[in-house]
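Student: There's a structure below that I have some questions on.
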Amino acid sequence: MRKVTVLLVATLLSATIFGQSNFSGVWVLKTKEHVNGPQYSNALTEEITVKQSADSITVGKRTIAMNGKTSSIVDKESNRKSIKSVAWSADKKTATFTTAIYAVGNENEVELTRVDTWTLSPDGKQLNIQRKSIETKSENWEVKGVYEKK
């Protein structure tokens with residue numbers, strides 16, 4: 001009986017320690033820090049809604065596969081194609097979202113690439129986002145934000 005209890009505790013502890021971060025929730029921007037490049041007031045959204053399951057993560061209205069496959073759309077209003085993917089760190093605590101955004105009406109020319117790195121605070125109450133924008137037609141920029149769960 002003691003071996004079973006020890007094994008059960010070890011299994012639960014390893015699942016807690018080595019489990020994948022779950023970013024689900026509604027997150028509200030509390031602080032924003034300009035890192036470099038031009039400053040944009042809309043560099044980070046004021047609120048993010050995230051729904052995460054075992055095989056996908058939905059940020060706003062966009063669903064991305066958790067297995068590294070890309071999600072491609074063409075925005076009907078702007079006529080811009082974008083391709084998004086997510087990659088997880090080895091410890092499954094950090095997610096890196098990469099979005100290639102193409103020139104208006106030209107799905108062969110990448111105009112900018114956004115790289116968002118997400119981590120949760122140890123208590124799961126804060127979402128830390130570091131956003132880098134790699135621009136082909138203007139100056140690169142970077143910003144960090146701290147979101148709190150609503």
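The values are calculated or read from the model by the stated rules, or taken from the named source; none is laboratory data. Everything numeric in this text was worked out from a predicted model, so none of it was measured. A quick note on method: Cβ atoms are made from the backbone with ideal geometry, for glycine too, and the neighbour counts reach across all protein chains shown.
Student: Of the residues that sit in region 95-118 and are small (Gly, Ala, Ser) and farther than 14 Å from LYS84 by Cβ, which one is modelled with the highest pLDDT? Walk me through how you get there before you give the answer.
Tutor: If we filter region 95-118 for residues that are small (Gly, Ala, Ser), which is where we start, we get 95, 100, 103, 105.
This time we only want the ones that are farther than 14 Å from LYS84 by Cβ, so: 103, 105.
Details: ALA103: 94, GLY105: 83.
The selected residue is ALA103.
Student: State all residues of region 33-71 that are touching a Lys or Arg at 6+ places or on another chain (Cβ under 7 Å) and not in a loop (DSSP other than H, G, I, E, B); if no residue qualifies, say none.
Tutor: Pass one, region 33-71, residues touching a Lys or Arg at 6+ places or on another chain (Cβ under 7 Å): 33, 35, 43-44, 58, 62, 64, 70-71.
Answer for region 33-71, where residues must be touching a Lys or Arg at 6+ places or on another chain (Cβ under 7 Å) and not in a loop (DSSP other than H, G, I, E, B): GLU33, VAL35, THR58, ARG62, ILE64, SER71.
Student: Within the bounds of region 1-12, is there any residue that is modelled with pLDDT of 95 or more and either over 23 Å from GLY145 (Cα atoms) or surrounded by 12 or more Cβ atoms within 10 Å (Cβ to Cβ) (or both)? Walk me through how you get there before you give the answer.
Tutor: Within region 1-12, the subset modelled with pLDDT of 95 or more is none.
No, because not a single residue in region 1-12 is modelled with pLDDT of 95 or more and either over 23 Å from GLY145 (Cα atoms) or surrounded by 12 or more Cβ atoms within 10 Å (Cβ to Cβ) (or both).
Student: Here's something else I'd like to know. Taking region 54-63 only, how many residues are closer than 24 Å to GLU135 by Cβ and at pLDDT 95 or above?
Tutor: 1
One line per residue, one yes/no per condition, for (1) touching a residue at least 24 places away in the same chain (Cβ under 8 Å); (2) under 26 Å from GLY25 (Cβ atoms):
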{"site": "ILE48", "(1), (2)": "yes, yes"}
{"site": "SER53", "(1), (2)": "no, yes"}
{"site": "THR96", "(1), (2)": "no, yes"}
{"site": "ILE129", "(1), (2)": "yes, yes"}
{"site": "ILE134", "(1), (2)": "no, no"}
{"site": "SER138", "(1), (2)": "yes, no"}
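Student: While we're on this one: Could you tell me whether region 127-142 includes any residue that is among the basic types (Lys, Arg), under 10 Å from the mean Cα position of the chain (by Cα) and surrounded by 14 or more Cβ atoms within 10 Å (Cβ to Cβ)?
Tutor: Step one: list which residues in region 127-142 are among the basic types (Lys, Arg), which gives 131-132, 137.
Of the ones still in play, those that are also under 10 Å from the mean Cα position of the chain (by Cα) are 131.
Checking which are surrounded by 14 or more Cβ atoms within 10 Å (Cβ to Cβ) leaves us with 131.
Yes, region 127-142 has at least one match.
Student: Another question, if that's okay. So, in region 40-53, how many residues would count as being farther than 18 Å from GLN126 by Cα and either at pLDDT 95 or above or under 14 Å from the mean Cα position of the chain (by Cα) (or both)?
Tutor: 2
Student: May I ask you to list the residues in region 102-120 that are more than 15 Å from SER78 (Cα to Cα) and out of contact with any strand residue (DSSP E or B) (no Cβ under 7 Å at 6 or more places or on another chain)?
Tutor: ASN108
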